[in-house]
Amino acid sequence: MKMRELWFYIAAGCVLAGSALAQQGLPPECGSLRSSFGPYDYRASIGTSELNVVESFHFTSNVESLRKGNTGPVGGELSYTLRAFPNHHRALLSMVRLGSNLKVPKAPGASHSVQCFLMRAETFQPGDPMVKVIFGHYLLKQGQKALALEKLAEADVSESKNANAAYNLGLAYYDAGEFGKALENAHTAYRLGFPLPGLRDKLKRAGKWRDAPSAVVVDKSNPEESVTTPIAAPSASPPAVVDKED
């Protein structure tokens, strides 16, 4: 390997602010994850001043709903948000919807293409299952079902106790026609306390809904007694949903 190439790979492995992740998975057109503000892991930032500032000035309700930007074009506001928080779930979904609505790979005002923002998020936090769900959903909408199913298969929510990710994984599998997996993830999401009924309603209309067996938790101090225990969904941030509720 030439010295110049060696230096490139060494430089690509530099530690980023808030992440020890290397850049080697990103093509040049997707830019660098380095930012003057962040990058921060969205999941660990809920309730922090950094996230509150960005959501107050850039990722407003008008931006999320794609109506208008606060300081510039909607694409620019989403870009700023996703440079600071590459795996911001709701901002990623808004960017996907913006590109889809306009039927363009790169939205006006955006610094990168929709697919680049998804790649940046996955490179920054490869263990975030919701990012993989959103990526799989995007690939489905692009007609790339085989690639979408591969991406969705990587979104293991079985151990994450993430009701939002399980719900959205179920929605994506429903859209892919994988009703068994959609039902499995719906059961996981509702067991964890996810509040929206849309996925259950979709499965019922398709004739694919089956009630899940009651979750039984054994009291180890008294093995003869058991109780059904629902687990509440996190409420610190609004749920991100890949499809609008019916």
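Laboratory data are not the source of any read-out in this text; all were calculated from the coordinates shown. Bear in mind the structure is a predicted one, so any value in this text is a computation, not a measurement. So basically every Cβ, Gly included, is an ideal-geometry build from the backbone, and we count neighbours across all protein chains shown.
Is at least one residue of the range 107-118 touching a residue at least 60 places away in the same chain (Cβ under 8 Å) and under 13 Å from Val54 (Cβ atoms)?
Checked against the condition, which is being touching a residue at least 60 places away in the same chain (Cβ under 8 Å) and under 13 Å from Val54 (Cβ atoms), the range 107-118 yields no hits at all.
Select from the range 183-216 the residues that are on the phi > 0 side of the Ramachandran plot and either part of a helix (DSSP H, G or I) or over 19 Å from the mean Cα position of the chain (by Cα) (or both) and list them in ascending order.
Residues of the range 183-216 that are on the phi > 0 side of the Ramachandran plot, as a first pass: 193, 207.
Listed by number, the list holds a single entry, Gly207.
For the range 74-171, list the helices (runs of 4 or more DSSP H) that sit wholly inside it and hold at least 2 residues that are under 23 Å from Asp41 (Cβ atoms) and under 13 Å from the mean Cα position of the chain (by Cα); which are they?
Qualifying helices (runs of 4 or more DSSP H): 89-102, 114-124, 129-141, 145-153.
Can you pull out every residue in the range 133-180 that is in contact with a helix residue (DSSP H, G or I) (Cβ under 7 Å, 6 or more places away or on another chain), surrounded by fewer than 22 Cβ atoms within 10 Å (Cβ to Cβ) and of a type in the set (S, T, N, Q)?
Ser160
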